[in-house]
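First up is the structure itself, then whatever we jot down about it.
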Amino acid sequence: MNTKETWSKGLKSGVHTTWVLGKVVFPITMIVSILNYTPVIHWVTSFFTPLMKWIGLPGEAAIPLALGYLLNLYAAIGAILSLDLTVKNVFILAIMLSFAHNLLVETVVAKKIGVKAIVPISLRIGLSFAAGILVYLLWRGGDNSAHYGMVAAVQEQPETWIGIGLLAFKKALLGIWQIALIVFPLMLGIQLLKDLHAIQYISKWLEPLTRVLGLSSGKTSVPLLAGLIFGLAYGAGVIIESSKEENFSKRDLYLLSIFLVASHAVIEDTLIFIPLGINVIPLLLIRVAVAFVITMLTAKVWQRLITHTELVVKGEVK
């Protein structure tokens, strides 16, 4: 392995990723921050309050939720950074967005490996709202105001449009800076894994895990690991290539898809919530645990249906 080349590629990837994400986070943080001083936020709040109250969120929380669902987590975080929320509000949004984000792009990826779009979309949105409602009902606490890392230092109350614009610019700039602090080491780590060819080695150790999940082919450990580390969008090439080369069964494709739509890019999707000032460990554990449970349950139900069908064909069950 060429260490210099690894660092070079990792840093370039970090610059590129930060630039791409910054083009989303910066303008959204600016726009939402400015809208906070206009009647628009009040209109959005009034319209969505009846729905949001079921998950213990204020009406304006619908903005980052919608941005995350349709675009990505960075767009959602950009919007959250501009809102005055409690720790519990932020954690509920984080857990909901962990399960459902970037639905348009990632659903296309799921379709490319042979899964009908309705499955990942309905599953992810269902898990998102179920998780949000459960956290709201079960967690007693978190009513203190959320502090967004360095963004929390911006406490001015501007009285002119110029002041509002400058405040929005500060929030957006600080938001990008914090994301860059996470993205650069993350991209370097990913490049290191690639150059060491660690994916192939680690995937062999994951084969027992695939059996626990009910996957019939040990080869599914490769796309499983790629999805867990790189995500559905970033790991799409590995997932699609593996599914074609190994000719996975329909059952394995669906089980693999179900697990990964619930839990993918666990490193990145967990670390990027750090600037929001919440404890990300429960976020990670809940997401992975739910992925295991729903995948294993689906595998058991699927197997029972297959067994029942076979018995019907044989005439042993009417």
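Bear in mind these aren't lab numbers, they're just calculated from the coordinates by the rules spelled out. Note that the structure is a prediction, hence the values are computed from the model and not measured. Cβ coordinates were reconstructed from backbone atoms using ideal geometry, including for glycine residues, and neighbour counts include every protein chain displayed.
When a/c is below 1.5 the answer is rounded, else prolate if a/b is larger than b/c, else oblate, so apply that to the range 1-139 with a ≥ b ≥ c taken from the square roots of the Cα gyration tensor eigenvalues.
Since a/c reaches 1.5 but b/c is at least a/b, the shape of the range 1-139 is classed as oblate.
Where is the GNM fluctuation largest for the chain (alpha-carbon springs, 10 angstrom cutoff): PHE47, PHE248, PHE26?
In this elastic network of the chain, the residue with the biggest mean-square fluctuation among PHE47, PHE248, PHE26 is PHE47.
For the chain, set up a Gaussian network in which alpha carbons nearer than 10 Å are linked by springs, and say which option among THR29, THR49, THR270 fluctuates the most.
THR49
Lysines within cross-link reach of LYS116: Cα-Cα under 24 Å, excluding same-chain residues under 8 positions apart?
LYS219, LYS244, LYS250, LYS300
Could you rank the peptides 223-232, 89-98 by their average count of other C-beta atoms within 10 Å per residue, with the highest value first?
Peptide ranking by packing, descending: 89-98, 223-232.
Would you mind telling me which residue in ALA146, ALA289, ALA299 has the biggest mean-square fluctuation in a Gaussian network model of the chain, where springs connect alpha carbons within a distance under 10 angstrom?
The residue that fluctuates most here is ALA289.
At a 10 angstrom cut-off on C-beta neighbours, averaged per residue, how do the peptides 10-17, 54-61 rank from highest to lowest?
Per-residue Cβ counts within 10 Å, averaged per peptide and sorted highest first, yield 54-61, 10-17.
Using +1 at the Cβ of each Lys and Arg and -1 at the Cβ of each Asp and Glu in the chain, identify which of GLY165, THR18, SER128 lies farthest towards the dipole's positive end.
Result: SER128, furthest along the dipole toward the positive end.
Expressed as a fraction of 2.2 N^0.38 Å, the rule-of-thumb size for a compact globular protein of N residues, what is the C-alpha radius of gyration of the chain?
1.09
Which of rounded, prolate or oblate describes the range 169-230 when judged by the alpha-carbon gyration tensor and an a/c cut-off of 1.5?
prolate
With 22 Å as the limit, write out which pairs from LYS12/LYS170; LYS12/LYS194; LYS12/LYS204; LYS9/LYS194; LYS4/LYS204; LYS112/LYS204 have Cα-Cα distances beyond it, or answer none.
LYS12/LYS170; LYS12/LYS204; LYS4/LYS204; LYS112/LYS204, as the Cα separations exceed 22 Å there.
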